[in-house]
1. Between A281 and V89, 0.36 nm times their residue separation minus their Cα-Cα distance comes to what?
2. Which percent of the accessible heavy-atom area of segment 325-389 goes to carbon and sulfur, probe 1.4 angstrom?
3. Starting from the Cα gyration tensor of the chain, take the square roots of the eigenvalues, sort them a ≥ b ≥ c, and report rounded, prolate or oblate (rounded when a/c is under 1.5, otherwise prolate if a/b is larger than b/c, else oblate).
4. Over the Cα atoms, compute the radius of gyration (one decimal) and Dmax (the largest Cα-Cα distance, rounded to a whole number) for segment 253-334, in Å.
5. Summing -39500 (n - 2.57) over the DSSP H runs of n ≥ 4 in the chain and dividing by its residue number, what mean residue ellipticity at 222 nm do you reach, to the nearest 500 deg cm²/dmol?
6. Before anything else, pin down the relative contact order of segment 29-148: Cα pairs under 8 Å, at least 6 apart, normalised by residue count, whole percent.
7. If you take every DSSP beta bridge whose two residues both sit in the chain, what share of them, in percent to the nearest 5, is antiparallel?
8. Please compute the modelled spin-label separation between A229 and A329, points set 7 Å along Cα→Cβ, answer in nm with one decimal.
Amino acid sequence: MKTRLLSRLMTLALLCGISGSWAQETFKIGLILPMTGQSASTGKQIEAAARLYMAQNGSTVAGRKIELIVKDDGGVPDATKRIAQELVVNDKVGVLSGFGLTPLALATAPIATQSKTPMVVMAAATSSITEASPFIVRTSFTLPQCAVAMGDWAPKNGIKRVVTLVSDYGPGIDAERYFKERMQLNSAQVVESLRVPLRNPDFAPFLQKVRDLKPDALFVFVPSGAGAAVMKQFLERGMDKAGIKLIGTGDLTDDDQLNDMGDGALGVVTSHHYSAAHPSALNKKFVEAFKKANNGLRPNFMAVGGYDGMRVIYESLKNTKGGQGGGEAMLAAMKGQIFESPRGQIYIDAQTRDVVHNIYLRKVEKKDGQLYNVEFDVIKDMKDPGKSK
Ligand code: PHB
């Protein structure tokens, strides 16, 4: 009799212990980023933004302590995949996040699917990424969104003959294709499409070719971190003086580098979802807080992808009472989120799990002695044009 009571009490204690400790158990977020190598600025921006989000919103959500585990993949897909596997199996992270380049996101997608772990893509921007796993949610942007906006703007502004120059991988190929299609639709022409290697590109021979072709404009996509090199060589070769305009997606005039590009960048028009000069009260607060926490560093679009990604994770945790129901429940709570981001209103399309947001046309101008992408037009609530293909 006594032993039965004792064993019942022990079972009860065990049960209470389990549920009590579950509620207090930390919720781990794996954040895999290129902190070294060619895309190190992407890692730095996103980590800083994620830490800022946590500092502003607390590190306990729905009763669970949040632990952010930041890992450097050096921009190498095999490393991203191995790290993701370790984070899921050994650290038992509830969410995988980051992904600074398309190949890094694609390498990890099967792990998200197999382990049913939500994977929040904060940087990579090839249209097809969200189709690589039903567990992917994206808070960055897509290249077709920007390329279509520029393919509409350029012909309306006297730019009829264009050469494209893109990095030769997913996002570059998306940018090239969607820009060209849109130009043709608007009775304008892409006279040559040039592709440069992703790793250590030498732009000189390509720019020489552009000079010889004498287009109205050169349209450029290079990933965050590579824009300054293109700008420098474009100006050194006097292409602007030869009457060739420089246009592109906003990755070219990246806020991380723009202010060091010099006055030669003035007047460059790009299309993108985020500018540090976006004139909303929320963005002003964001930029100020980011700079204050990071020695004056200006946030770029990568930082905003990371900041919004953390918001999506936090809200999903709140809506599942601390992640109850596991990865599938958390994923469901990520779909359809709508909120104001430093970039403007954003929405996670519940069907595609991709980001819907405004695409702005911006021109580089000087404000208070600093170079900024100043928004002058907007295409509201743009879905990824790549999804309807
Ligand atoms: C990508 O690899 O998907 C990528 C990286 C940097 C960008 C845009 C796209 O600026």
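1. Details: separation 192, 0.36 × 192 = 69.12 nm, distance 4.18 nm.
Taking 0.36 nm per residue and subtracting the Cα distance, the gain is 64.9 nm.
2. Details: 1360 of 2960 Å².
Taking all protein chains in place, segment 325-389 shows 46 percent carbon and sulfur surface.
3. Working: a/c = 2.37, a/b = 2.17, b/c = 1.09.
It comes out prolate by the Cα gyration axes.
4. When restricted to Cα atoms, segment 253-334 yields Rg and Dmax of 16.9, 54 Å.
5. -13500 deg cm²/dmol
6. Values: 210 pairs, mean separation 29.3, N = 120.
Once normalised by length, the contact order is 24 percent.
7. Working: 23 of 59 bridges.
That works out to approximately 40 percent antiparallel.
8. 4.7 nm
The values are calculated or read from the model by the stated rules, or taken from the named source; none is laboratory data. These figures come from a predicted structure and were not determined experimentally. Positions of Cβ are generated from backbone atoms using ideal geometry, with glycine treated the same way; all protein chains shown enter the neighbour counts. Note: accessible area is taken over every heavy atom of the protein model, side chains too, but ligands, DNA and RNA are not part of it. Shrake-Rupley method; radii C 1.70, N 1.55, O 1.52, S 1.80 Å.
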